[in-house]
1. Suppose we filter the stretch 7-34 for residues that are closer than 30 Å to residue 149 by Cα and surrounded by fewer than 16 Cβ atoms within 10 Å (Cβ to Cβ); how many remain?
2. Criterion first (within 16 Å of the ligand (Cβ to nearest atom) and at pLDDT below 95) does residue 83 satisfy it?
3. Of all the residues that make up the stretch 87-123, how many are surrounded by 13 or more Cβ atoms within 10 Å (Cβ to Cβ), of a type in the set (A, V, I, L, M) and more than 16 Å from the ligand (Cβ to nearest atom)?
4. How many residues, within the stretch 104-127, are under 23 Å from residue 65 (Cβ atoms) and assigned to a loop (DSSP other than H, G, I, E, B)?
Amino acid sequence: MNAEAYRPFGDEECLDVFTHAAAMDYLKNQKPRVLYISYGETDEWAHGGRYKSYLDAAHQVDAWLAEIWNFVQSDPQYKGKTTILITTDHGRGDIKKEEWTSHYDKIADSYQIWFAAMGPGIEKKGEINQNMVLFQAQLAQTMARLMGKVFVSNHPVTAGIPYLLIRQNEIYTVKLVIPVLRHRNGANR
Ligand SMILES: [Zn+2]
């Protein structure tokens, strides 16, 4: 079906419904320890200034996140030991409301992004804000620590978010969620 679908964002990007279907199929049948899903419609509709479509896409992704979470909680392999992290690749203009479709260093306040987390050890606090500066780059090591690994690379690696990680019997779990992150540099999309 994906091959037959129209592609409003160009040949290299499919509609999110196909991404989600493939992800759920892989999750249920391959049972990976780590699964990365990249939904793209909110990004594309926002860049295009299509606010209603942007909200519709966000609403749909919310429903899919619920589906993922409900599956995780129903599956013995994942239940009670799976963390879901959700974030965005960049922020959007907010100081000048007409710049909401864009980002980059010249777009005021677009360096700010958010993340959310669900899983064992995470307190249900809803949306919260803490007086500290975190960076998107810290998520890689945070995720590695949650998996009991240390992320190493041939480039400098930013430390994880210690405030989120409490060590219990050699296992790191997320302590709480801080949704405001700062984006170091603007990606194109
Ligand atoms: Zn974008």
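1. Counting residues in the stretch 7-34 that are closer than 30 Å to residue 149 by Cα and surrounded by fewer than 16 Cβ atoms within 10 Å (Cβ to Cβ) gives 11.
2. So residue 83 does not fit the description; no.
3. Residues flagged as surrounded by 13 or more Cβ atoms within 10 Å (Cβ to Cβ), of a type in the set (A, V, I, L, M) and more than 16 Å from the ligand (Cβ to nearest atom) within the stretch 87-123 amount to 4.
4. The number of residues fulfilling the criteria is 10.
The values are calculated or read from the model by the stated rules, or taken from the named source; none is laboratory data. These numbers come from a predicted model, not from an experiment. FYI the Cβ positions are ideal-geometry reconstructions off the backbone, even for glycines, and counts take in every protein chain you see.
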